[in-house]
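Beneath this line is the structure, given in structure tokens, with notes to follow.
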Amino acid sequence: MSGEEGAERAGPSRPVPEDHAAARIKLEREIRGWSTVKLAEEMAAAGHPINQAAIWRIESGKPRRRVNLDEALGFCKVFGITMQDLIGPPGKLATPRIRQLVHEYVQMTLEYRQLRAAIDRNQMHLHEIQTELDAYGDKGPEQRGQVDELLRLEERAAMESLHPSRAHLRNQGQPPASE
């Protein structure tokens, strides 16, 4: 193939989806805060090696470098998008900042759900413990006193471990000056 044919293949007459893919690759890379080197590393890890210079030529070269099918599949895998998303018009996408915020929102929502589930498990366990402590305390005033005293001691120890600099004041039975 002559140099002229190569320029023609990479140049202005290439298919529009190629331009969309180039814009989308750059957008997805920037959203993640990745350099072209980092994207090349991610592509290699995904089994679709491509060097940093080739990524730059795809995104910004004059003329832009074309994306082969193996590379397109790799970009889809690395970015977690479909082929249609890769070659679709990038104008339908929000700005990189909005995409970043959407990504953060989804991640934080997942984290919240995990924390909420942990809190729910904790509450159930606390209820079970409270029920058992109440049953022991209901046996008589001596048992109730034991439970109450043990709770006070454990809470004090826990507070002192959180604020070791104030432990000497608590040990003297004096509240810290700031309380």
Notebook entry, point to check: When the accessible area of segment 21-142 is computed with all protein chains present and a 1.4 Å probe, what percentage of it is carbon and sulfur?
Noted result: 58
Note to self: Bin width 5 Å, origin at 0, all Cα-Cα pairs of segment 9-142: what percent of pairs per bin?
What the structure shows: 2, 9, 14, 16, 13, 9, 5, 4, 4, 4, 4, 4, 3, 3, 2, 1, 1, 0, 0
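Using unit Cβ charges (K, R positive; D, E negative) and no other charged atoms, how large, in debye to the nearest 20, is the dipole of segment 37-102 about its Cα centre?
320
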Margin query: Starting from a Cα-only point model with no solvent, please compute log10 I(q)/I(0) by Debye for segment 72-162 at q = 0.22, 0.26 1/Å.
Written below: -1.12, -1.22
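Quick check on packing: order 41-52, 68-79, 146-157, 21-32 by the mean number of other C-beta atoms within 10 Å, highest mean leading. All intermediate terms of the calculation are to be shown ahead of the outcome.
Numbers: 41-52: 15.5, 68-79: 17.8, 146-157: 11.4, 21-32: 20.1.
Descending packing order for the listed peptides: 21-32, 68-79, 41-52, 146-157.
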Check: What full-extension length gain, to one decimal in nm, is calculated for MET124 and ASP148 as 0.36 nm per residue of separation minus the Cα-Cα distance?
Finding: 6.5 nm
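The values are calculated or read from the model by the stated rules, or taken from the named source; none is laboratory data. Everything numeric here is computed off the predicted structure, so don't read it as measured data. Positions of Cβ are backbone-derived with ideal geometry, glycine not excepted, and every protein chain shown enters the neighbour counts. What goes into the accessible areas is simple: the full protein's heavy atoms, side chains included, and nothing from ligands, DNA or RNA. Shrake-Rupley method; radii C 1.70, N 1.55, O 1.52, S 1.80 Å.
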